[in-house]
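What follows is a short report on a single structure.
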Amino acid sequence: MAQPVSPLAPAQFPAMPPVSGVALCVFNTGLRYQGRPDLLVARLAPGTTAAGVFTRSLTRSAPVDWCRQALADGQGLGRVLVVNAGNANAFTGRKGVETVERTAAAAARAFDCRAAEVFIASTGTIGVTLDDSKITALLEGPAPAQAGSASWHDAASAIMTTDTFAKGATRSATVDGVTVSVCGIAKGSGMIAPDMATMLAYVFTDAAVSPAVLQAWLREGVDRSFNAITVDSDTSTSDTLMLFATGAAGHAPVVADDDPRAAALRAALFEVLLDLAHQVVRDGEGATRFVSVRVTGARSDQAARRIALAIANSPLVKTAIAGADANWGRIVMAVGKSGEEADRDRLQVRVGGVLIAAEGEPVADYDETPVAQHMQGREIDIEVDLGLAEGRSQVWTCDLTHRYIDINADYRT
C-alpha cells in the first residue's frame, strides 16, 4: 500500500535541466513492485569521471563491494549506472556476487564499455536472492535504444522504496565563462544514520573534473550533509553516493582541489548534497517534524558532532518532539550520555531561539508561549551551548512517531 506523502515534502519536484553526457531510462522489472518503474539505467558519455562514498557496514551488499572495486579498477571512469529498487541484494552470499558480475557484464556488452566502468546499486529487502535475468534482459534489450527517454523525476521515482516523494536537487555554476549544471537524485526514508551514506544518491555534472578532485570534493561535501543527518540511527548495508562528471560542458578540466576556477562549482555541489540530505530527513518514515540540532561551545568540532547526534538519535527526545513537548530534560540527558565533556552549570539549552535552561536549572520565568508555538510547527530548532570551548556542529533529524513502527513492522509483508 502506498504511503501518504510526508507533510514535510517540498511542494513539487524541482525543474531540473538535462546534463550533457547523461542519458536516463527506467523500466519495471517486476522484481518486487508491480505497475511502477523499479530500475534506473544511466548511460554516461565516454570519458566521464566518477567518485563514490559508501557504507562502512561490515555486512555491506555485493553491489557496494563491486562499486568500490570498480572505482579502483576503472581508474575513476564511468560509463553506465544500473540501480534497482525492491531487492537490496545484500546478505545473499556468493549468489549476490554472481548476480552483480552478470549484471555488469551485460551492461558492458550493451553499452560497449569495460565492466569496471559499470556501477551497480540495489535497495530494498535484505536476504532475498535477486533474479538478475529480469535486469540483464532489459540491459541487452531495450535499454540502449531508450537511453535518454526518462526525466529526472522518472529516475528519482524508480529508485524509491518506502520513500513518499521523489527527491531531486539542482544548481548551476560558471567555470571559465561556461555555465555548468549539477543535478542530483536520492532515495532514503528509513535505516538512515551517518556513516556515509545511509541511502542511495547520484549526482551528475557536465563539468570536466579529474577523479581525484571529484573524490576529494565528495568526501568533504558528504561530511557536511549526508554524514550530518539521522532518522533512526541505523546504517544500511547498501548506502551508496556517487558523483559523475561528463566533461561535456567543454571547459578546461579541473585537476586541482583548490583551483580558483572551480570555487563556484564546488559550492554548487555542496548545496545539492545538502539539499538532498535534508529531503531524506523530511521523508523520514512517519516524520511530522524536521529538526535542526546545533551544538556550540564543545571541546572540538568532533565532540560537538557526537553530542548533536546523541540528541538527534535519542528516542526520548524524538518522541517528545512528536508530542510537541519542549522537554529540555531529555536534551540534557542526551548531552550527558554522549561520552563527551559537559559541565552542568555551563550548559545552555534553547528551543526555537528561547533560552529555557541554563546554569544547571530551568531559566526562571521564561515565557513558554513562544516555545509551545514553536513546538507545534513543522520546523524545530534545538540549540545547545556547552560553554567549554569553540567546537561546533549542526545535524538534522526528524521526530519519531507511531507511523515509523507501522511502516517497519509490515515492511516485508
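The values are calculated or read from the model by the stated rules, or taken from the named source; none is laboratory data. Because the structure is predicted, anything quoted here is derived from the model rather than measured. So basically every Cβ, Gly included, is an ideal-geometry build from the backbone, and we count neighbours across all protein chains shown. Just the protein is used for accessible areas: all its heavy atoms, side chains included, with ligands, DNA and RNA removed. Shrake-Rupley method; radii C 1.70, N 1.55, O 1.52, S 1.80 Å.
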Original post:
When the stretch 33-65 is examined, which residues are found to be touching an Asp or Glu at 6+ places or on another chain (Cβ under 7 Å) and among the charged types (D, E, K, R)?
Top reply: Arg56
Subject >> Residues satisfying the stated conditions in the stretch 101-116, i.e. assigned to a loop (DSSP other than H, G, I, E, B) and of a type in the set (D, E, K, R) >> reply: Asp112, Arg114
Original post:
In the stretch 41-62, is there at least one residue being at pLDDT below 95, assigned to a helix (DSSP H, G or I) and not polar (S, T, N, Q)?
Top reply: yes
Original post:
What helices (runs of 4 or more DSSP H), lying completely within the stretch 117-169, carry at least 2 residues that are touching a residue at least 40 places away in the same chain (Cβ under 8 Å) and touching a Leu at 6+ places or on another chain (Cβ under 8 Å)?
Top reply: 133-139, 152-158
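Return the only residue of Asp258, Asp239 being in contact with a strand residue (DSSP E or B) (Cβ under 8 Å, 6 or more places away or on another chain) and either at negative phi or open to solvent by less than 50 Å² (accessible area, probe 1.4 Å) (or both).
Asp239
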Subject >> Residue pairs meeting the criteria (Cβ under 9 Å; at least 6 apart or on separate chains; first within 14 Å of Ala186 (Cα to Cα), in the stretch 40-55; second of a type in the set (Phe, Trp, Tyr) and open to solvent by 10 Å² or more (accessible area, probe 1.4 Å)) >> reply: Leu40/Phe27
Original post:
Across the stretch 202-214, what is the total count of residues that are over 15 Å from Gly250 (Cα atoms), in contact with a Leu (Cβ under 8 Å, 6 or more places away or on another chain) and not in a strand (DSSP E or B)?
Top reply: 2
**OP:** Answer with yes or no whether Pro18 is surrounded by 15 or more Cβ atoms within 10 Å (Cβ to Cβ), on the phi < 0 side of the Ramachandran plot and assigned to a loop (DSSP other than H, G, I, E, B).
**Re:** yes
Original post:
Is it true that Asp223 is assigned to a loop (DSSP other than H, G, I, E, B) and either at pLDDT below 95 or under 27 Å from Gln75 (Cβ atoms) (or both)?
Top reply: no
**OP:** Filter the stretch 333-353 for residues that are surrounded by fewer than 19 Cβ atoms within 10 Å (Cβ to Cβ) and not small (Gly, Ala, Ser) and give the result.
**Re:** Met333, Lys337, Glu341, Asp343, Arg344, Asp345, Arg346, Gln348
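This table checks each residue for (1) assigned to a strand (DSSP E or B); (2) more than 23 Å from the chain's Cα centre (by Cα).
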| residue | (1), (2) |
| --- | --- |
| Gly336 | no, yes |
| Glu340 | no, yes |
| Arg344 | no, yes |
| Ile356 | yes, yes |
| Tyr366 | no, yes |
| Gln373 | no, yes |
| Ile380 | yes, no |
| Val395 | yes, no |
| Tyr404 | no, no |
Original post:
Looking only at the stretch 70-84, which residues are at pLDDT 95 or above and open to solvent by less than 10 Å² (accessible area, probe 1.4 Å)?
Top reply: Ala70, Gly76, Gly78, Val80, Leu81, Val82, Val83, Asn84
**OP:** Looking only at the stretch 74-83, decide whether some residue is touching a residue at least 40 places away in the same chain (Cβ under 8 Å), among the hydrophobic types (A, V, I, L, M, F, W, C) and farther than 16 Å from Phe204 by Cβ.
**Re:** no
Original post:
Within the stretch 85-114, which residues are open to solvent by 60 Å² or more (accessible area, probe 1.4 Å) and over 30 Å from Val209 (Cβ atoms)?
Top reply: Phe91, Arg94, Lys95, Glu98, Arg102
Subject >> Boolean, Ala268 is hydrophobic (A, V, I, L, M, F, W, C) and not in a helix (DSSP H, G or I) >> reply: no
Original post:
Out of the stretch 272-305, which residues are surrounded by fewer than 19 Cβ atoms within 10 Å (Cβ to Cβ) and within 23 Å of the chain's Cα centre (by Cα)?
Top reply: Leu274, Thr288, Ser292, Arg294, Asp301, Gln302
Subject >> Which listed residue, of Ala310, Ala326, Ala304, is touching a residue at least 24 places away in the same chain (Cβ under 8 Å), in contact with a strand residue (DSSP E or B) (Cβ under 8 Å, 6 or more places away or on another chain) and either of a type in the set (Val, Ile, Thr) or over 24 Å from Pro370 (Cβ atoms) (or both) >> reply: Ala304
Original post:
Pick from Glu341, Glu285: which is of a type outside the set (Gly, Ala, Ser) and at pLDDT below 95?
Top reply: Glu285
Original post:
Which one of the conditions (1) open to solvent by less than 10 Å² (accessible area, probe 1.4 Å); (2) in contact (Cβ under 8 Å) with a residue 60 or more places away in the chain does Phe13 fail to meet, given that it meets all the rest?
Top reply: (1)
**OP:** Tell me, yes or no, whether the stretch 317-324 has at least one residue that is farther than 20 Å from Tyr404 by Cα, assigned to a helix (DSSP H, G or I) and within 27 Å of the chain's Cα centre (by Cα).
**Re:** no
**OP:** Count, please, the residues in the stretch 81-131 that happen to be β-branched (Val, Ile, Thr) and in contact with an Asp or Glu (Cβ under 7 Å, 6 or more places away or on another chain).
**Re:** 2
